[in-house]
Amino acid sequence: MTKKYLLLILLFSSYLMAQETKTYVVQETTKKEDSKKEASSATIEKVPFGEQFSLDTKLPNENYVVVCATLKELDKKYSRKFYSSNDFSQYRDKFKIIPNKSISLKDKSTLIIPPLKPNRFYSIDVNYTKGIYLINVFSAINKEGKYTIQDNKAIRKNWMDLVDKIKIENGFSLYYLPSNEEMDKYVTALTKYDFTGSLSEKENDEIVDLSFKSFEILKFKPPTNDEIIAFAKKVKNKYDSTDNFRNILFIDSSVGGFKINDYPNIYQFYENHIMPMMRNKTFQCGELQDIIEKEILKKSTLIKNDDFIPNFYFYAEHEVTSIDIPISTYTNSFATAYKRSLVPDFGYVSFVNIGTNSSLRGGSPFVGVNISLSPSNKNVPLRLSEYDFAQRFSIHTGVVLESIEEANVRDDFFNDLSLMIGGSYKFLTQGTRINFGGLLYNKIDAISGSKSIAVQPYIGLSIDIEIRKWLSEIIPSLGNNFKIKSE
């Protein structure tokens, strides 16, 4: 058993040395390539893989706002050429849109990127505007879904905040305006009240009720009863039925008008003209903006000269700028990204009986090493990872810890130990694997006594030996001293 313990220690020591050597090589390579990257690769940003992350689009200043973004992936056969040339324009058409991978907005300039695969080049096509436009509002409504505006106590949506910012940042006025016809009906209804004297309590209540029924927008930001009575009195006295712009009195400060953003009509326009076109359809970045502008312009042309045009119709035009952000999920540098990592494990294998006289029965514990074919992010649960076969599969080798020697039948491969050669495949978690392959041993000829190498099939289960993780959980400061890279 002493030899077995020595072998175990040797395997662990080899693993640590391999990892530390790998770290040194990566750092050395990175230093050598730094000057080259500053000149040719500075625009390619390195990002994590296998997990969701935030990405700052680095827009010109805080007045710019992202409208939408599309994720694209470069065909791997162009990776080396793209890295060497660092000419994005030359390979722009080689980046293809990834279906079922959508980018969301964290704020007006920060993107939430879905989990990406390792050792890939991606491009993010970003559309943005200077300031908030109606395009941003309708895009937000489309993402947030159906909403019923009731009053000021209703839950506000993000798109309403964008409407507020249009007025602030662009100087636009998206206040609600009634039509001239609605104002005519309201003032006509007020004619039965004599504002020259004192109104009764009943009359005050009737005027307040009339105002809320005539202008439902007031429910969203209710004024006081005194404000409504003062407004009604001034509007009646100042109203000119021949003025083509008499509806402006509703927001006129001189008559105590009400400046309330036109949330209901904006949402109603979306529901009537934009939403039907979006049913069962996914839009690429940029398509939605074009649809919104065309629908507003189409609706505007149908309005007669003497009809009322909602305020927001005038702000359909927008200027969208598009930029491409190339990113990379190569683990370190391109030169070192293809290095394999060694991950030791221990477990138990069962020998597969193939029916011959020399077939082994039972099983044995073992220690081994996995040689990964592709890096994987072990900080992300396996059930959430979109690993391909190369990220789950590893080349596996090791030794069984129990002798399989049987007199005149078989001998261990060497010194009471037999060699395992095969593969392993991750399942359930990042650190558990199914092992399979063949066990090498010396088969003894029953007549001549000569030996020949034979192979015994096996299947087993193993757990990765994650030394740094275990040490850091027990003694954090000790675990941090091991320079072991994640697999």
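Each value in this text was obtained by applying a stated rule to the coordinates, not by laboratory testing. The shown structure was predicted, so the numbers you read here are calculated from the model rather than taken from an experiment. Glycine gets a Cβ as well: all are built from the backbone with ideal geometry, and neighbour counts include every protein chain shown.
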Between Lys106 and Ile323, what length comes free when the chain is fully extended (0.36 nm per residue of separation minus the Cα-Cα distance, one decimal in nm)?
-> 76.3 nm
For Lys106, list long-range residues whose amide hydrogen, built 1.01 Å from N in the peptide plane, is under 5 Å from its own amide hydrogen.
-> Leu111, Ile112
When the Cα centres of region 61-140 and region 164-235 are compared, how far apart do they sit, in Å?
-> 47 Å
Mean shadow area (nm²) of the C-alpha convex hull around region 65-154 is 8.1 nm²
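In the structure displayed, which of Lys76/Lys117; Lys192/Lys236; Lys108/Lys157; Lys185/Lys221; Lys76/Lys96 lie more than 18 Å apart, Cα to Cα?
On the way: Lys76/Lys117 12 Å; Lys192/Lys236 11 Å; Lys108/Lys157 15 Å; Lys185/Lys221 22 Å; Lys76/Lys96 11 Å.
In this structure, Lys185/Lys221 exceed 18 Å between Cα atoms.
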Just from the alpha-carbon atoms, what are the Rg and Dmax of region 369-463 in angstroms?
-> 17.0, 57
Estimate the FRET efficiency between Phe414 and Asp93 by the formula 1/(1 + (r/R0)^6), using the beta-carbon distance for r and 60 Å for R0, to the nearest 0.05.
-> 0.60
How would you rank Asp240, Asp324, going from fewest to most other Cβ atoms within 10 Å of each one's own Cβ?
-> Asp240, Asp324
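Just flag the trypsin sites (Lys or Arg not before Pro) in region 163-256 sitting in loop per DSSP whose Cβ has no more than 13 other Cβ atoms within 10 Å.
Passing sites in region 163-256 are Lys192.
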